[in-house]
Amino acid sequence: DAATEADLLAEMTRLAAAARDKPDRRVQYLVRWIKEHLCPDLGRPGATWLPRRVLIFTEYADTKSYLFDQLQTAIAGSDRAEARIATFTGELHKEEEREDLQNAFNAPPAEHPLRILIATDAAREGLNLHNHCKDLFHFDIPWNPSRMEQRNGRIDRVGQKGTVTCRYFLFDQRVEDQVLRTLVEKTSKIRAQLGSLSPVLSTDVVRILEHGISHDEAAALKAKLESLGGPRPAEGPADAAAGPLE
């Protein structure tokens, strides 16, 4: 009813205000990863970048903007920092803009400074971004496994010369993330064995999760996802790795 909804909204507002100035564990992990794999001297003036790239998907444009600001601040002061990060959204509606960004990301790292591309699902189809990128992060996990597969397919495709790793973030204490872990693992297992997901399976997943995830129903939702048809686990070309968030 309206009173319950108002109470929930007030509680959500209180929690959001309390966490407003706290560090985002996902951003912290990404910055550490960037320092380890892309820019070892990050934090020092003029820090140089390695010839490696990363693709990061977000669910919403607002999240994309937030993450861009966070990472742009983190890499400030490094060599050509302003050219190391870019975003791709549906706002890039002109074909030449899409092609320019795709060409920049696919160019040899010695020829173009771009290293980090943050994209919304506007980039999950029709773009080949695998020439010099083998690392992908799902900053947010989509409910539909076909969308996750399409995202991964930007770099996990024919012509990829490296071992692809697609990562996502989970908080072990959140019941919702336990269900999401099951979703990702189920998707990875079936894709590794069959090469793609069937439309029927994707529809079943969407149906199971269409009303969201409540604490009371989490165990039942996990069981339903685990029972969906598909082969036993098998090693595939892409690993799904969760960031160590607790």
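The values are calculated or read from the model by the stated rules, or taken from the named source; none is laboratory data. What you are looking at is a predicted structure, and each value in this text was computed from that prediction instead of being measured. In this analysis, Cβ positions are derived from the backbone assuming ideal geometry, glycine residues included, and neighbour counts consider all displayed protein chains. Each accessible area value is taken on the protein alone, full model and side chains, heavy atoms only, with ligands, DNA and RNA left out. Shrake-Rupley method; radii C 1.70, N 1.55, O 1.52, S 1.80 Å.
About its Cα centre, region 1-138 has a charge dipole of approximately 800 debye under the convention of +1 per Lys or Arg Cβ and -1 per Asp or Glu Cβ, with nothing else charged.
Restricting the chymotrypsin sites (Phe, Trp or Tyr not before Pro) of region 34-71 to loop positions (DSSP other than H, G, I, E, B) with no more than 13 neighbouring Cβ atoms within 10 Å leaves Tyr60. So how many Å³ per residue does the convex hull of the Cα atoms of region 15-59 work out to? Per residue, the Cα convex hull of region 15-59 comes to 95 Å³. Rolling a 1.4 Å probe over the protein heavy atoms of region 1-66, with every protein chain left in place, gives an accessible area that is 57 percent carbon and sulfur. By a 1.4 Å probe calculation restricted to protein chains, Thr73 has an accessible surface near 110 Å², given to the nearest 10.
Other residues within the sphere of radius under 9 Å centred on the Cβ of Phe169, judged by their own Cβ, net out at +1 (K and R +1, D and E -1).
Rounded to the nearest 0.05, what FRET efficiency do Arg32 and Glu59 give with R0 = 22 Å and r taken as the Cβ-Cβ distance? Could you check? Write out the running numbers ahead of the final one.
On the way: r = 22 Å, r/R0 = 1.02.
My answer for the efficiency is 0.50.
Surface analysis of region 30-137 yields an accessible area of 48 Å² per residue, using protein heavy atoms and a 1.4 Å probe.
The residues packed around His215, meaning those with a beta-carbon under 13 Å from its beta-carbon, carry a net charge of -2 if Lys and Arg are +1 and Asp and Glu are -1. Taking the inverse of the mean 1/r over every pair of distinct Cα atoms in region 1-138 gives a Kirkwood hydrodynamic radius of 16.5 Å. With a cut-off of at most 11 other beta carbons within 10 Å, and DSSP calling the residue loop, which trypsin sites (Lys or Arg not before Pro) in region 112-182 qualify? Please list them. Of the trypsin sites (Lys or Arg not before Pro), the ones in loops of region 112-182 whose Cβ has at most 11 other Cβ atoms within 10 Å are Lys161.
Residue by residue, region 168-185 carries 3J(HN,Hα) couplings of 9, 10, 9, 10, 4, 7, 8, 4, 4, 6, 5, 5, 4, 4, 4, 4, 5, 5 Hz when phi is fed to the Karplus relation 6.51 cos²θ - 1.76 cosθ + 1.60 (θ = phi - 60°); x denotes Gly or Pro. Counted by Cβ distance under 13 Å from Thr58, the other residues give a net charge of -1, where Lys and Arg count +1 and Asp and Glu count -1.
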